[in-house]
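The structure is given below, and queries will be raised subsequently.
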Protein chains: 2
Amino acid sequence: MPEPTQTKASPNMADTDIAIVRIAPETSFKNKAYEALKEAILKMDIYATPEPVMLDERALSERLGVSRTPIREAIAMLEQDGFVKTVPRRGIVVVRRTKAEIVDMIRAWAALESMAARLITTTARKKDITALRDFFKDFGPDRLPQDHVEEYSKANIAFHQALISLSESPVLVDLTNDLLLHVRGYRQLTIGRKDRTATSLPEHLGMIEALEARDTELAEKRARDHTLGLAAYVEAHGQELFT
Amino acid sequence: MPEPTQTKASPNMADTDIAIVRIAPETSFKNKAYEALKEAILKMDIYATPEPVMLDERALSERLGVSRTPIREAIAMLEQDGFVKTVPRRGIVVVRRTKAEIVDMIRAWAALESMAARLITTTARKKDITALRDFFKDFGPDRLPQDHVEEYSKANIAFHQALISLSESPVLVDLTNDLLLHVRGYRQLTIGRKDRTATSLPEHLGMIEALEARDTELAEKRARDHTLGLAAYVEAHGQELFT
DNA sequence: CCGTAGTTTTTGGCATGCCAAATACCAGGA
DNA sequence: TCCTGGTATTTGGCATGCCAAAAACTACGG
């Protein structure tokens, strides 16, 4: 989280134009461990192995070169995020989501994104809305998304995040980011696979059009339906991805 | 203070014959501290005093009778929740939200609740939907909500939580609960004060009607508009509540 | 071979103690 | 009186080490 630099007012520092650089935040080991572990967890494919993935405090502390204390604090934070669950005298396990949970998360995401769309129609600048098209400028009739799934998937995520950001609502941004982190754990379904990719692009363009037209209700509906479509897709075809 | 009192209560399993007692959850000090601090923070009126409310690790550990370690872990968790913010060598401060942040949270709440309403129209049982009316059975033309604001406010919260629960979506339930905890910090605006209370009841009944009618779009719209109404209210009249 | 009681090892939970940064406090000088 | 520099104190960050509950491992009797 970017910190609002608080410049303390000293009695007579009024005109001193010395570059008063904000002293380094010096992230603590606790936070470093948190970031490191979070990234590691997101990077690993949790659903590949049948047996649950376990973490070991001592091993981690040795690995990261710090004592167990900051590691434990980081674990506590990750547990709040729902990435990890520590069982009293048994160990720390990386949480695996069920299909139902993922579908549920995608629905919540749909709710938040449709609200973002609603807000955007009333506050965003035309220019910024139009800029959303750029995410898909590399795709078209002669370069179909379904022929470059991986690349399109990246553009897809970027588009959604940019969209939410346009709402200028920190809460919506943070909540959807959290949800996305969980949903993306399923990298097999890179946010809708080949068969869904085909319908994805037109839907995105439709959303942008509604936003440009400042049609609040329509933009909200299109954003909602688009993501609910993904939820329905996962619910119907995601069976094999979950054991 | 925190002596090596690691002595746990002896398990008196002498009399019980085959009680299939589940593995004892035995909440840790860390979790106890988390719950205790969370409740304390929610209970205090953060916005009453002009200067920021600070917490002291050592004082808390003495207060709760445990060492600093579990306290620090609990603080780390609370920080993830956004209730608290620890500044390196300065202290732990209870976070105060700005009006804009509260409004933002209420909007997100509106988004989630409208999605809940949508889901309810397709899955909830008629009986459960109708049961929502019970929350307001004590109010009517001869006992106006605006004459019993405190009581009505409680019913209000309970209604919203029951509503979301009907969606049977753990994610929606958890996310809204978290948001509510933050928003409720402003107990002055007990979720819409007197002047808003008057319009609240009819809106709630309208929502219930739409749900019973299984009118997905209407239920969603009414739920959304109702809560967005609160957001607009706070944005317009909440000025004096924030410094 | 199997089950079982006893023993060792592993693992998270906590208490303690020290460190450095920040702050509060204080005495001496212009 | 107001600085100013130096010192004591406060406060979060971390490293360590011990504890008890579990699990893993062993030895032994049937």
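The values are calculated or read from the model by the stated rules, or taken from the named source; none is laboratory data. This structure is a prediction, so every number in the text was calculated from the model and none was measured. For neighbour counting, all protein chains shown are included, and Cβ atoms are generated from backbone atoms with ideal geometry for every residue, glycine included. Side chains are part of the model used for accessible areas, which takes the heavy atoms of the whole protein and leaves out ligands, DNA and RNA. Shrake-Rupley method; radii C 1.70, N 1.55, O 1.52, S 1.80 Å.
Among the residues of segment A:69-104, write down those that are over 24 Å from A:L37 (Cα atoms) and facing chain B (nearest Cβ under 7 Å).
Hit for segment A:69-104 is A:D104, nothing else.
Got at least one residue in segment B:105-118 being without any contact (Cβ under 8 Å) to a residue 24 or more places away in the chain, surrounded by 23 or more Cβ atoms within 10 Å (Cβ to Cβ) and facing chain A (nearest Cβ under 9 Å)?
Step one: of segment B:105-118, the residues without any contact (Cβ under 8 Å) to a residue 24 or more places away in the chain are none.
Scanning segment B:105-118, I find no residue that is without any contact (Cβ under 8 Å) to a residue 24 or more places away in the chain, surrounded by 23 or more Cβ atoms within 10 Å (Cβ to Cβ) and facing chain A (nearest Cβ under 9 Å), so the answer is no.
Can I ask one more? Restricting segment B:58-80 to residues that are closer than 23 Å to B:T98 by Cβ and buried (at least 17 other Cβ atoms within 10 Å of the Cβ), which is nearest to the chain's Cα centre (by Cα)? Can you show your working first?
Step one: of segment B:58-80, the residues closer than 23 Å to B:T98 by Cβ are B:75, B:78-80.
Among the residues that remain, those that are also buried (at least 17 other Cβ atoms within 10 Å of the Cβ) are: B:75, B:78-79.
Numbers: B:I75: 19, B:L78: 14, B:E79: 17 Å.
My answer is B:L78.
If a residue has to be over 18 Å from the mean Cα position of the chain (by Cα) and either more than 12 Å from DNA strand C (Cβ to nearest atom) or touching a residue at least 60 places away in the same chain (Cβ under 8 Å) (or both) to count, how many in segment A:81-98 make the cut?
1
Is it true that some residue in segment B:157-164 is within 24 Å of A:N177 (Cβ to Cβ) and not assigned by TED's automatic domain parsing to the domain that holds B:A33? Can you show your working first?
First pass over segment B:157-164, keeping only residues within 24 Å of A:N177 (Cβ to Cβ): B:164.
Now narrow it down to the ones that are not assigned by TED's automatic domain parsing to the domain that holds B:A33: B:164.
Scanning segment B:157-164 turns up at least one residue that is within 24 Å of A:N177 (Cβ to Cβ) and not assigned by TED's automatic domain parsing to the domain that holds B:A33.
Residue by residue through segment B:119-132, note down the ones that are open to solvent by less than 80 Å² (accessible area, probe 1.4 Å) and charged (D, E, K, R).
Passing the criteria: only B:D128.
What number of residues in segment B:27-57 are within 12 Å of DNA strand C (Cβ to nearest atom), within 25 Å of the chain's Cα centre (by Cα) and not in a loop (DSSP other than H, G, I, E, B)?
Selection size over segment B:27-57: 7.
Looking only at residues in segment B:136-179 that are within 14 Å of chain A (Cβ to nearest Cβ) and β-branched (V, I, T), which one is nearest to the chain's Cα centre (by Cα)?
This residue is B:T176.
Quick one: in segment A:38-52, which of the residues that are of a type in the set (A, V, I, L, M, F, W, C) and either within 13 Å of DNA strand D (Cβ to nearest atom) or open to solvent by less than 30 Å² (accessible area, probe 1.4 Å) (or both) is farthest from A:T98 (Cα to Cα)? Before the answer, list the steps.
Step one: of segment A:38-52, the residues of a type in the set (A, V, I, L, M, F, W, C) are A:40-42, A:44, A:46, A:48.
Keeping just the survivors that are either within 13 Å of DNA strand D (Cβ to nearest atom) or open to solvent by less than 30 Å² (accessible area, probe 1.4 Å) (or both) gives A:41, A:46.
On the way: A:I41: 17, A:I46: 12 Å.
Top of the filtered list is A:I41.
Only one of (1) polar (S, T, N, Q); (2) more than 19 Å from B:I46 (Cα to Cα); (3) modelled with pLDDT under 95 is not met by B:S114, so which one is it?
So the condition that B:S114 fails would be (3).
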